[in-house]
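Working notes for the structure below.
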Amino acid sequence: MIETRGDAATLDAADPLAGFRDAFELPAGVIYLDGNSLGALPKVTAGRVAETVRDQWGRDLIRSWNTHDWIGAPLRVGGKIAALIGADAHEVIVADSTSVNLFKLAAGAVALRPGRTTILSEPGNFPTDLYVLQGLGRFLDGRARLKIVAADDLADEIDEDTAVVVLTHVHYKSGRRWDLEALTARAHERGALILWDLSHSVGCLDVRLNAAGADLAVGCGYKYLNGGPGAPAFAFVAERHQAGLASPLSGWMGHAEPFAFDDAFRPAGDIRAQLCGTPSVLGLAALEPGVDLHLEADRALVEAKGLALGDAFIELVERRCEGLTLASPREGRRRGHHVSFTHPDAYAIVQALIARGVIGDFRAPDIARFGFSALYTSFAEVWDAVEILREVLATRAYDHQDFRRRAAVT
Ligand SMILES: *Cc1c(COP(=O)(O)O)cnc(C)c1O
């Protein structure tokens with residue numbers, strides 16, 4: 001238990017991951033607790049992007065598709081992400097956005113389960129997941145549609161009419177974690193497929209897709225992977241599904257031979273079938289150094305440290321701050337690496353914290369959310385953040401009109 005700032009500093013001194021912090025640009029005077037929304041900038045990334053722009057694009061021009069293997073980047077970086085999620089290198093590809101990948105894989109999954117008409121998800125799932133699945137239902141024109149059932153009933157609702165279950169492994173608001181192994185097994189028992197959104201898991205939890213027998217997954221490059229704003233996302237397709245999973249966005253990069261320039265689409269027989277158009281080379285250049293940093297860290301240590309930071313935050317907030325209600329599971333094994341509290345003035349409180357250098361975020365209607373990145377957040381920062389939060393609450397410093405004006409992005 002952390003009783004003093006000294007206790008927190010002692011934990012930092014013994015932290016085997018402490019050395020990673022120096023690999024990130026973190027501005028002085030900021031305690032960054034939003035790496036679950038936009039991961040911090042790795043120090044090497046700016047140079048890598050500049051080199052890709054100046055030397056590869058500027059000097060080598062179109063030759064770079066071959067000489068710098070731009071064309072291989074989606075598979076190469078995907079192969080590295082695979083190692084972070086318990087998949088084989090040839091099962092993951094970097095492409096498009098999480099939203100687009102969800103559409104492609106969910107559509108492919110429905111086609112693999114003909115006659116089954118439901119796509120199952122939970123209320124309060126990340127909006128884009130629900131919106132994309134609603135759109136897919138309209139696109140399929142009745143052949144399958146989204147059915148939303150409460151999380152507590154979800155396992156029982158998977159039946160012989162379920163084509164695919166689509167869930168976010170770690171809930172973006174509450175941080176609640178699904179039992180990936182148990183639910184995957186349940187879906188398979190009923191003959192359904194399962195598609196996991198790993199946006200709040202990759203780069204923090206020690207996800208093991210193949211050990212669980214997972215079918216499909218997508219995830220985000222700009223959160224814990226530190227790939228930069230709007231970084232390309234990834235898609236996982238278990239090897240056994242690759243030959244049969246048809247993408248509805250059958251672009252030329254998903255063709256078996258893109259440079260044969262055939263009129264007829266013939267899908268690549270492997271994970272490349274999930275590519276659509278030309279890869280975002282600059283996005284990939286920014287993403288790869290972040291992924292490389294994660295590959296240097298021990299997965300189990302990363303998971304344990306992020307949960308310990310969250311545990312410390314919960315304990316200190318509940319001991320030292322008034323008026324906040326925990327909205328995340330208390331037990332670490334049921335959470336990811338972010339922790340949420342509710343408060344009627346959560347928006348203004350988050351703004352007052354940001355004005356004091358503590359960056360978390362607000363999620364409507366009343367959630368203050370704080371993310372703990374195992375690679376660059378320290379226990380001393382958790383202590384300091386809670387002390388600043390305590391002051392903001394005790395003095396009602398948030399009760400100021402400047403902190404109530406909503407910006408376009410919260
Ligand atoms: C962040 C996030 C996304 C992001 O999707 P984009 O297409 O990158 O906007 C999707 N799903 C979940 C669960 C997320 O947390």
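The values are calculated or read from the model by the stated rules, or taken from the named source; none is laboratory data. All of these numbers come straight from a predicted model, not from anything done at the bench. Every residue, glycine as well, gets a Cβ built from its backbone with ideal geometry; the counts of neighbours run over all protein chains shown.
Things worth noting here:
Condition check ((1) in contact with a Ser or Thr (Cβ under 9 Å, 6 or more places away or on another chain); (2) under 18 Å from Ala40 (Cα atoms)) across all residues:
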position	(1), (2)
Pro279	no, no
Val291	no, yes
Leu309	yes, yes
Val317	no, no
Phe341	yes, no
Gln351	no, no
Phe370	yes, yes
Leu389	no, no
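- Residues located in the stretch 192-219, provided they are under 15 Å from Lys104 (Cα atoms) and assigned to a loop (DSSP other than H, G, I, E, B): Asp215
- All positions within the stretch 333-386 that are among the aliphatic types (A, V, I, L, M) and in a loop (DSSP other than H, G, I, E, B): Ala364, Ala374, Leu375
- Scanning the stretch 210-232 for residues that are surrounded by fewer than 24 Cβ atoms within 10 Å (Cβ to Cβ) and away from the ligand (no atom under 15 Å from the Cβ) yields Asn210, Ala211, Ala212, Gly213.
- Cβ pairs under 8 Å, 6+ apart, first in the stretch 89-101 and touching a residue at least 60 places away in the same chain (Cβ under 8 Å) and under 19 Å from Arg240 (Cβ atoms), second more than 16 Å from the ligand (Cβ to nearest atom) and not in a helix (DSSP H, G or I): His90/Asp270; Glu91/Val237; Glu91/Ala238; Ile93/Leu275
- Residue in the stretch 316-329 that is in contact with a helix residue (DSSP H, G or I) (Cβ under 7 Å, 6 or more places away or on another chain) and crowded, with 20+ Cβ neighbours inside 10 Å present: yes
- Considering the stretch 1-97, the qualifying helices (runs of 4 or more DSSP H), each wholly inside and each with 1 or more residues that are loosely packed, with under 14 Cβ neighbours inside 10 Å, run over 5-13, 43-51, 64-67.
- As for the stretch 173-193, it holds no residue that is aromatic (Phe, Trp, Tyr), crowded, with 18+ Cβ neighbours inside 10 Å, modelled with pLDDT of 95 or more and more than 18 Å from Arg333 (Cβ to Cβ).
- Among the residues making up the stretch 147-169, those that are crowded, with 20+ Cβ neighbours inside 10 Å and within 15 Å of the ligand (Cβ to nearest atom) are Val165, Val166, Leu167, Thr168, His169.
- Any hit, the stretch 114-134, residues being in a helix (DSSP H, G or I) and more than 11 Å from the ligand (Cβ to nearest atom): yes
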